[in-house]
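Asker: Have a look at the structure that comes next, please.
Nothing in this text is a laboratory measurement; each read-out follows from the coordinates by a stated rule. Since this is a predicted model, take the numbers as computed values, not measurements. No Cβ is skipped: glycine too gets one built from the backbone with ideal geometry, and neighbour counts run over all protein chains shown.
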Amino acid sequence: MVVTKTIPDSGEQLNCTFASRYVRTSLPKFRMPEQPIPKDAAYQIIHDELMLDGNPRLNLASFVTTWMEPECDKLIMASINKNYVDMDEYPVTTELQNRCVNMIAHLFNAPIGETETAVGVGTVGSSEAIVLAGLAFKRKWQQKRKLEGKPYDKPNIVTGANVQVCWEKFARYFEVELKEVKLTEGYYVMDPVKAVEMVDENTICVAAILGSTLNGEFEDVKLLNELLTQKNKETGWNTPIHVDAASGGFIAPFLYPDLEWDFRLPLVKSINVSGHKYGLVYAGIGWVVWRSKEDLPDELIFHINYLGSDQPTFTLNFSKGSSQIIAQYYQLIRLGFEGYKNVMENCMENAKVLKEGIMKMGRFDIISKDIGVPLVAFLLKDSSKYTVFEISENLRRFGWIVPAYTMPPNAQHIAVLRVVIREDFSRSLAERLISDIQKVLEEMDTHLDRSSTRVAHVTATVDETHDGDGGKIAVKKSVRESHDEIIKHWRRLVDGLKTNGVC
Amino acid sequence: MVLSKTSSESDVSLHSTFASRYVRTSLPRFKMPENSIPKEAAYQIINDELMLDGNPRLNLASFVTTWMEPECDKLVMAAINKNYVDMDEYPVTTELQNRCVNMIAHLFNAPLGESETAVGVGTVGSSEAIMLAGLAFKRKWQNKRKAEGKPCDNPNIVTGANVQVCWEKFARYFEVELKEVKLRDSYYVMDPVKAVEMVDENTICVAAILGSTLNGEFEDVKLLNDLLVQKNEETGWDTPIHVDAASGGFIAPFLYPELEWDFRLPLVKSINVSGHKYGLVYAGIGWVIWRSKQDLPEELIFHINYLGADQPTFTLNFSKGSSQIIAQYYQLIRLGYEGYKNIMENCQENAMVLKEGLLKTGRFNIVSKDNGVPLVAFSLKDNSRHNEFAVSDMLRRFGWIVPAYTMPPDAQHVTVLRVVIREDFSRTLAERLVVDIEKVLHELDTLPAKIDAMMSVSAGEDKGPNGGVVKKTALETQREITTVWRKFVMERKKTNGVC
């Protein structure tokens, strides 16, 4: 005899997700809920909220990779539960990291012999990489000063004002003074001459950027090396160079192999690169490589041994996922030198297409160079009627995220729009973007014409904002215009505070 | 007329992966290859090499989560291309992080008003969290000393010798002296009395661990708080406490809600917890919470603003993936308080099953306590013939990864094996492990005792149990050398190297 059973709680199993009570209740935002909810409901609720995030692939502000091949996605998912730091348990993953370090060191012409292993490590990003490199420089300098019997309590680092925020973090958290070479209008990277002038006996290193975040330009590391070599001869201070190749490190070797910026220059002691930028891996992987063992003080390294083989570790983070390391190795062997070169050439092509399309509108000046990171940075020839910030906002309506920034001192009056060309930004997208920018300009022109006679500007009272537009005309404003004005002013104010916020 | 074409690159399209030439050539290990290879070949080659890694779920050494529900996997994969730091572009993800911070702060009884937002941040793990907390303490202490006109160049931090390696990193990288309270036989955590004795005017904080990595024990934070309050009254130094709740932070609130270890104790100013341990998320997420705004010096915070909303950031890492943050939020709302409690109770149950199974063999002492992190740390009653390292090695043959460690000073003569009970370690697996351990013991028993006498002779360290000189064969000498070397490097290997 079959005994029939009734299912007591019908709600959970029978109702489809959107019929259930879970989408009716408001989820607690400050405290953990008392009761569990079914996994489908949890998935659906979170998934739906996240629909309101921007689309990563239309985020033209970011250098960070937003697309990888499905085969790589499979590898990533398979290793998502591997804790990278368990070197004992996952020796193959550890070896893949070591192979990546060696490949990248060779890419940067590190002076290592045939069987010598490179000195370097995988990090969570260029921020961690820069902190590690900076720590190494600081410790080396301290040791040198102690030997000389001189004070070592005031280390400083010389960089350009175009430096990314992680250098400022390093300086603040590790108590090193940041001496910034100010920019000037038309010259948006660090001037090697001025940088070398600023070097003193307390300078632990000079940091040059290969691929400035502001306009993609490569700094002249060769000139810096020459001038610094000269100064070192005169002073005997032996100040080294670090190259922040976060973006440029995976571009220059493929597009500009003759450009000397890496370990070919004798004063360059360490280089960092973001695997998750033009290394073509998802967010969460960076690399730092040192010239040789001597450049990494042993006391900073923690040794973890197993079965007699020494695995030195020098990272800030401990437990983290293995996926990105495996993904980086996948890219290095999948693409090879030729593949990376092809991808970079495509990016440069598409950047050119975009640049030409923008120039054709006749309303913009291009401030990015042709040689450098594939991006297009441009500013309005005439910002009296509306600014790049407004263009940026209006482009959002079409789905594009194109950031607008003001330059750091002393060029704060310059505001630019910037589009980064990543691997997955195809020519058709470039052409679509051009036509959308065109539409936005037309819209804003007609909007102004309609409200004809007035151009009311609220002059921002904060030092950092820019916009030397003239015309403070006091005119009777409609409610809508007051609103627009307030929003504009507020946005300029807060955007002005954020300049290097995107890496 | 149809023109037929022959495909010249026949390798690429026609051959199945294992028929192609790609699996015949040796991949370069030191330099990038010149040419590209098809994606299927790349996938297969890497996937196959990785088969030789350990199985994460059989890795009983790690506290870090190795399994999540498929629904969560879907969310993880969907967010893999979102750069978490782009707060402008991904406001919902940013808000999810803020919600997690608030939920965890409330879990730790942070003294917040109804509408007050908690002070805290998501990190890549407890290492970063501890560095941020340590930085905050260092800066506060420096500011205080400068205001008093006293020297601020010799900060120190007081912890137990059982502390995890990230504290040593913090001390070394941020130039803070580490004053360790030594352990002793059968007392494997920080003694609050000794800790408070070590506090001086240069101490930036005392760090207590809720869930020691060595044996899972919770340190008595309440006692530490009471003693330190007393000392602060006498000295006026105002030394605070940080609780490293990397493991315990997601256990104590559910299993021991009456245990006072968190912000209910007035001297506790910050707490860190690993989302990727008992927070039940994959590796790559930790949390640090401060008691209040005052405990986090403003000068350490970078402000990123958009549309007037201020998003303060204080992290060491910048770009990183968003997946783990979303996964943490998923777990918090999917499980809720009750769900987490059920899981922790299951873990405790299974730990008891394992412990009892081990006790029944009659060969082991249990070093872990019943209250604490669900793990079983045990040592051999008699390790003169074979020691714990040998057991650990033999268990690998069955597929289990069970680590063996020696305790830090002053208990270096004690060696333990440790099994961590995670969410996905079921009762069946526990029973199977006991059976396999018994098999290993049987095998070791049959191995001649001579070898073990060798091991004790050649062990040049003080902790060698006994000595006896015997004639050795070549194989025994080899084994001896390997064993000595292994012991030596295991000794050198940071005992707390696994978090």
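Asker: Calculated FRET efficiency, B:M77 and B:E234, Cβ-Cβ r, R0 56 Å, to nearest 0.05?
Answerer: In this case the efficiency is close to 0.50.
Asker: If you don't mind, there's one more thing I want to ask. May I ask for the distance between the Cα centers of the stretch B:55-126 and the stretch A:222-269, given as a whole number of Å?
Answerer: 40 Å
Asker: On a full-extension model of 0.36 nm per residue, what is the gain between A:T184 and A:Q35, subtracting their alpha-carbon distance, rounded to one decimal in nm?
Answerer: 47.7 nm
Asker: Follow-up question, since we're still on this one. Please express the Cα-Cα pair-distance distribution P(r) of the stretch A:307-377 as a list of whole percents, one per 10 Å bin, running from 0 to the bin with the greatest distance.
Answerer: Histogramming the stretch A:307-377 at 10 Å steps yields 15, 26, 23, 21, 11, 3, 1 percent.
Asker: Among the trypsin sites (Lys or Arg not before Pro) within the stretch A:364-452, which fall in a DSSP loop and have no more than 10 other Cβ atoms within 10 Å of their own Cβ? Walk me through the numbers on the way to the answer.
Answerer: On the way: sites: A:K369, A:K381, A:K385, A:R396, A:R397, A:R418, A:R422, A:R427, A:R432, A:K439, A:R450; in loops: A:K369, A:K381, A:K385, A:R422.
Answer by residue number: A:K381.
Asker: Need the list of aspartates and glutamates near B:K231 for cross-linking: C-alpha distance under 15 angstrom, and skip anything on the same chain fewer than eight residues off.
Answerer: B:E197, B:D200, B:E201
Asker: Work out the FRET efficiency for B:K150 and B:R264 from their Cβ-Cβ distance, taking R0 = 41 Å, and round it to the nearest 0.05.
Answerer: 0.80
Asker: Moving on to the next point. Of A:A411, A:P374, A:M348, which is farthest towards the positive pole of the stretch A:342-439's charge dipole, taken about the Cα centre with +1 and -1 on the beta-carbons of Lys, Arg and Asp, Glu respectively?
Answerer: A:A411
Asker: Taking every DSSP beta bridge with both residues inside the stretch B:144-245, roughly what % is antiparallel (nearest 5)? Could you put the intermediate results ahead of the total?
Answerer: Values: 2 of 14 bridges.
Bridges in the stretch B:144-245 are about 15 percent antiparallel.
Asker: Sticking with this structure for a sec: In the stretch A:193-227, which residues have a backbone nitrogen under 13 Å from the label point lying 7 Å from A:L147's Cα in the Cα-to-Cβ direction?
Answerer: Backbone N within reach: none found.
Asker: Can you give the three extents of the C-alpha atoms in the stretch B:30-133 along their principal axes, from longest to shortest, in whole Å?
Answerer: Principal-axis extents of the stretch B:30-133 (Cα, largest first): 59, 38, 31 Å.
Asker: Another one. With θ taken as phi - 60° and the coefficients 6.51, -1.76 and 1.60, list the Karplus ³J(HN,Hα) couplings across the stretch B:58-73 in order, rounded to whole Hz; mark glycine and proline as x.
Answerer: My calculation for the stretch B:58-73 gives 8, 7, 7, 7, 9, 7, 7, 4, 10, 8, 9, 5, x, 4, 5, 4 Hz in order.
Asker: Filter A:K169/B:K146; A:K150/B:K146; A:K293/A:K341; A:K182/A:K222 down to the pairs with a C-alpha to C-alpha distance above 26 Å, please.
Answerer: In this structure, A:K293/A:K341 lie more than 26 Å apart at Cα.
Asker: While we're looking at this one, here's another question. Step through the table entries B:K179/B:K360; A:K138/B:K144; A:K29/B:K355; B:K222/B:K360; A:K82/A:K179, compare each Cα-Cα distance with 31 Å, and write down the pairs that go over it.
Answerer: Among B:K179/B:K360; A:K138/B:K144; A:K29/B:K355; B:K222/B:K360; A:K82/A:K179, the Cα-Cα distance tops 31 Å for B:K179/B:K360; A:K29/B:K355; B:K222/B:K360; A:K82/A:K179.
Asker: Let me check I've understood the local charge: for B:T93, count other residues with C-beta under 10 angstrom from its C-beta, Lys and Arg +1, Asp and Glu -1. What total comes out?
Answerer: Taking every other residue near B:T93 into account, the sum is -4.
Asker: Binning at 5 Å from 0, report for the stretch B:175-229 what percent of all alpha-carbon pair distances ends up in each bin.
Answerer: 4, 18, 29, 26, 16, 6, 1
Asker: Right, something else. Can you sort B:E431, A:E390, A:E114, A:E299 by how many other beta carbons sit within 10 Å, fewest first?
Answerer: A:E114, A:E299, B:E431, A:E390
Asker: Which net charge results when you count Lys and Arg as +1 and Asp and Glu as -1 among the other residues whose beta-carbon is under 11 Å from that of A:L441? Please list the in-between numbers first.
Answerer: On the way: positive: A:R363, A:K385, A:K439; negative: A:E390, A:D436, A:E442, A:E443, A:D445.
In short, -2.
Asker: So how strong a dipole does the stretch B:224-288 carry about its Cα centre when Lys and Arg Cβ are +1 and Asp and Glu Cβ are -1, to the nearest 20 debye?
Answerer: I would put it at about 320 debye.
Asker: A follow-up question, please. In the stretch B:321-411, what trypsin sites (Lys or Arg not before Pro) fall in a loop by DSSP, with at most 12 other Cβ atoms inside 10 Å?
Answerer: B:K381
Asker: Can you pull out the GluC sites (Glu not before Pro) in the stretch B:211-258 that DSSP calls coil and that have at most 10 other Cβ atoms within 10 Å? Mind dumping the intermediate values first?
Answerer: On the way: sites: B:E217, B:E219, B:E233, B:E234, B:E258; in loops: B:E217, B:E219, B:E258.
Answer by residue number: B:E258.
Asker: Tell me which of B:G321, B:L433, B:P408 sits at the most positive position along the dipole axis of the stretch B:321-443, charges placed on C-beta atoms (Lys, Arg +1; Asp, Glu -1).
Answerer: Value computed over the given set: B:L433.
Asker: Of A:Y256, A:G275, A:F398, which is farthest towards the positive pole of the stretch A:253-398's charge dipole, taken about the Cα centre with +1 and -1 on the beta-carbons of Lys, Arg and Asp, Glu respectively?
Answerer: Value computed over the given set: A:F398.
Asker: Something else: Grab the other residues whose beta carbon is less than 9 angstrom from that of A:A61, score K and R as +1, D and E as -1, and report the net. Mind dumping the intermediate values first?
Answerer: Working: positive: A:R418; negative: B:D86, B:D88, B:E89.
With Lys, Arg at +1 and Asp, Glu at -1, the net is -2.
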